[in-house]
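The block underneath contains the structure these notes are about, expressed in structure tokens.
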Amino acid sequence: MAAHDHASRTATVPDDGLDQRKAAILTAVVNEYISSAQPVGSQHVAGAPGVNVSSATVRAEMVALEGEGYLAQPHTSAGRIPTDKGYRFFVDHLTQPGTLDAARRRQVRDFFDHAHGEIEDMLERTSGLLADLTDCTAMVVGPAHGPAPVRSVQLVSLGSRVALAVVVLADGTVEKHPVEFPDDVPDTTLATAGQHLQGALRDHSLDSLPDAVGPTGDPQVDAVAAAGLEALRVVSGAGTGDQLYVGGPSRMAAAFDAVDTVRSVLTILEQQLVVVSLLRDVLDRGLSVAIGTEHGFEPLASCAIVVVPVSVEGGTSGTVGLLGPTRMNYPQALAAAQAVGEQLGARLGEVARS
């Protein structure tokens, strides 16, 4: 998704009916609250871009915005804070999603320039990169690797009766599973069985493995190959779903004062299926940002979610997302998720072609 598409992707209401001054005041309050995490008074807003009116006028407009549900006043003597509706207006009216500063852009570029090795390792480190860029909890959903064809199979000796079945898929994913044998297996037999497996399984996907591989004429090689095939079936049954990598979960602890909220959020992050389904649901509804109760998931009602699909050669092949408090820096979060998603898609495309 191109950067200029973000505003349209997040928009759910075409026109919220706020005049220019109220819109400028609301934007100023959101920006100040994102920065300070403190209720915002009229003095902070009066000189903001596009406002330029007296504090008394700002106060009156802030009271009106409170009445319309865009702002809330947590204490009688305090300033105002944005509501979920206020954040939604702010996000929907972003003229651009923000840009990463030069240092962060270089950090992303350097990371992917040196991102080699197994796909799982890269995805896990990508979640850490995104968390570092934004100070939010980052979520990376890797491509479901079931349909990817087998590139190579090896049986690696771990002892006279134990080997490791290693399969490399066309998308760069590497899967491993131990194989145990009832009798000693010579290295030469293991190597021959591995070559036989590779010849039989190449271009099959893990979710469409054959029932058996043909005989070689050597009963011991055939038995070892059959054991290796069974090990790969275990890999197939365990690993064809979406893979979730979470970076920086502890950052949520710093974002909330309430211990119960932190505990609730961290518990949710441990539930892979729930998180993957939540990210997919946000995207399916045509959103890039879900704020507060918009995502329909009560335990995360005090959080916002930013989601960007990862495109590989024209198709969606994963997702990057950010989870943070509703007062997250939306322009920066969108920019970081977009930059990382684009680079990750390009890297996965290179792996698929290699």
Do you know which residues across region 74-95 are under 17 Å from Ala24 (Cβ atoms) and part of a loop (DSSP other than H, G, I, E, B)?
Gly79, His93, Leu94, Thr95
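Looking for whichever is modelled with pLDDT under 90 and outside the structural domain of Glu124 (by TED's automatic domain parsing) here; the options are Val235, Val221. Which one fits?
Val235
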Looking only at region 122-141, decide whether some residue is touching a Ser or Thr at 6+ places or on another chain (Cβ under 9 Å) and surrounded by fewer than 19 Cβ atoms within 10 Å (Cβ to Cβ).
no
Identify the single condition in (1) surrounded by fewer than 17 Cβ atoms within 10 Å (Cβ to Cβ); (2) free of Cβ contacts under 8 Å to residues at least 24 places away in the same chain that Ala290 does not satisfy, given that it satisfies every other one.
(1)
I'd like to know if region 187-205 contains one or more residues that are within 27 Å of Gly318 (Cβ to Cβ), charged (D, E, K, R) and surrounded by fewer than 17 Cβ atoms within 10 Å (Cβ to Cβ).
yes
Scanning region 296-331 residue by residue, the ones that are part of a helix (DSSP H, G or I) and surrounded by fewer than 22 Cβ atoms within 10 Å (Cβ to Cβ) total 3
Would you mind stating whether Asp281 is out of contact with any strand residue (DSSP E or B) (no Cβ under 7 Å at 6 or more places or on another chain), touching a residue at least 40 places away in the same chain (Cβ under 8 Å) and surrounded by 14 or more Cβ atoms within 10 Å (Cβ to Cβ)?
no
Would it be correct to say that Glu313 is at pLDDT 85 or above, within 26 Å of Thr99 (Cα to Cα) and of a type outside the set (Lys, Arg)?
no
Residue that is under 22 Å from Ile305 (Cα atoms) and surrounded by fewer than 15 Cβ atoms within 10 Å (Cβ to Cβ), where the choices are Gln96, Gln20, Gln73:
Gln96
Here's a check for you: in region 170-186, which residue that is surrounded by fewer than 18 Cβ atoms within 10 Å (Cβ to Cβ) and among the acidic types (Asp, Glu) is nearest to Gln154 (Cα to Cα)?
Glu180
Before we move on, is Ala103 of a type in the set (A, V, I, L, M, F, W, C) and touching a helix residue (DSSP H, G or I) at 6+ places or on another chain (Cβ under 6 Å)?
no
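The values are calculated or read from the model by the stated rules, or taken from the named source; none is laboratory data. All of these numbers come straight from a predicted model, not from anything done at the bench. Cβ atoms come from the backbone with ideal geometry, glycine included; neighbour counts cover every protein chain shown.
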